[in-house]
Amino acid sequence: MTITVKHECGSCRGTGLYSGMGESKEAAIVCHNCKGLGFRVSEFVEFTGRKQLPNVVRVYQANPGIKIGAGNGFELEDFGGIPVADWEQGKPFPVGAEMRSFTCPRWWFQCAGSVSLDWNICNSNIGRSFSQCQHFSDKGLCWDRWDKEQASTGDKNANS
C-alpha cells in the first residue's frame with residue numbers, strides 16, 4: 001500500500017516564497033522545492049516488516065570510514081561485528097564487536113554514537129585525525145583500558 005500525503009513545504013513554510021541570506025527582508029524568490037505552490041506531495045510505502053538485504057552475512061554497529069570486506073588477507077570477522085542472524089534476533093553488539101584492529105576506542109565510539117568517551121590522553125589529538133594520535137600505534141592498550149573500565153562497571157554491553 002502506498003500512502004500519498006500533501007504537506008506544507010518545509011523550506012518556505014507554506015508561502016511558496018523563500019527569503020534567505022541572499023535576499024533582503026523585502027525580497028523573496030520562488031521556492032525551488034515546491035515551485036511556489038507552498039506544499040509538496042510525498043509518497044510513503046507502508047512498512048510491513050523488515051526485509052533482508054541479500055548476501056549480507058555480518059552486521060557492524062557503524063563504519064568509521066573503513067572499507068569493510070573479505071579479501072586482501074582479511075576476513076569479515078577481522079572488522080568486528082556480529083552474524084546477521086544474531087542482529088535479526090535483536091542481540092546486542094557485545095564488547096569486542098568494535099573495529100579494534102583499525103580504530104581506537106574514541107574513534108569507534110564517536111562513529112557508533114553510543115558512548116561518550118573523554119579520556120585525557122586523547123586530548124592531545126584535538127584538531128587532528130585519530131590515526132595521528134600519539135597513542136594510535138598502541139591502540140590495543142587503549143582497548144585494554146576500555147575493557148577494564150567496562151568490567152569494573154559491570155556494563156558488558158555499553159557499546160550497544
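The values are calculated or read from the model by the stated rules, or taken from the named source; none is laboratory data. In this text, all values refer to a predicted model and were calculated from it rather than measured experimentally. Cβ atoms come from the backbone with ideal geometry, glycine included; neighbour counts cover every protein chain shown.
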Among residues of the range 55-78 being of a type outside the set (Gly, Ala, Ser) and part of a strand (DSSP E or B), the residue surrounded by the fewest Cβ atoms within 10 Å (Cβ to Cβ) is 74
Exactly one of 97, 70 is of a type outside the set (D, E, K, R) and in contact (Cβ under 8 Å) with a residue 12 or more places away in the chain, and that residue is 97
Among the residues of the range 84-122, the number that are assigned to a helix (DSSP H, G or I), within 14 Å of the chain's Cα centre (by Cα) and either outside the structural domain of residue 145 (by TED's automatic domain parsing) or closer than 13 Å to residue 147 by Cα (or both) is 0
